[in-house]
Amino acid sequence: MPTPSMEDYLERIYLLMSEKGYARVSDIAEHLGVHPSSVTKMVQKLDREEYLVYEKYRGLMLTKKGQKVGKRLVERHAMLESFLRLIGVDEADVYEDVEGIEHHLSSNTLDCMTQFVKFFEDKPELMDQFREFREQERASEE
């Protein structure tokens, strides 16, 4: 299992490769807000762990293992964003909250949250009831 830091890199690399067809050290560094030297060290570690193949000055490619994990991480991130939006978390907080919790949930919890999101997406009338309930709760707190 990759560490939370490795997951952040794999997620970003997967997204960059999906969007641009490639992922350069400088792009990864920019998106993660780290120094290129830190990216190089992590990419070398991911290479040793067989998540990607890295050739100095030539670039990197995700292995099948890396693609599988990267895709799962991107899907997890999107599901958590959907979950937080669904329950009414302010948009300004969604990204930071996802970043704060995504590495700390069990697969069982993630599965339950995924089912929760799917349930309410399939039943918009119940989602409307939930929103009304939230508004009533907020009003009663004031």
Leaving out same-chain residues fewer than 8 places away, which lysines sit with a Cα under 19 Å from that of Lys56?
Lys41, Lys45
Sequence order, region 11-20: Karplus ³J(HN,Hα) from phi using 6.51 cos²θ - 1.76 cosθ + 1.60, θ = phi - 60°, Hz rounded, Gly and Pro as x, gives 4, 5, 4, 4, 5, 4, 5, 5, 7, 10
Averaging the inverse of every distinct alpha carbon separation and then flipping it gives the Kirkwood radius. What is it for the chain, in angstrom units?
17.0
Mean accessible area per residue over the chain (1.4 angstrom probe, all protein chains present, square angstrom) is 66
Roughly what would the spin-label model give for Ser18 and Leu105, points 7 Å off Cα along C-beta, in nm?
1.6
Take the solvent-accessible surface of the protein heavy atoms, probe 1.4 Å, and return the percent of it on the chain that carbon and sulfur atoms account for.
50
With label points built 7 Å along Cα→Cβ from the Cα atoms of Val89 and Lys71, find their separation and express it in nm.
2.5
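The values are calculated or read from the model by the stated rules, or taken from the named source; none is laboratory data. In this text the structure is predicted, and so the values were computed from the model without any measurement. Using ideal geometry, Cβ is built from the backbone for each residue, glycine included, and neighbour counts are taken over all protein chains shown. Heads up: the accessible areas ignore ligands, DNA and RNA and are worked out on the full protein's heavy atoms, side chains in. Shrake-Rupley method; radii C 1.70, N 1.55, O 1.52, S 1.80 Å.
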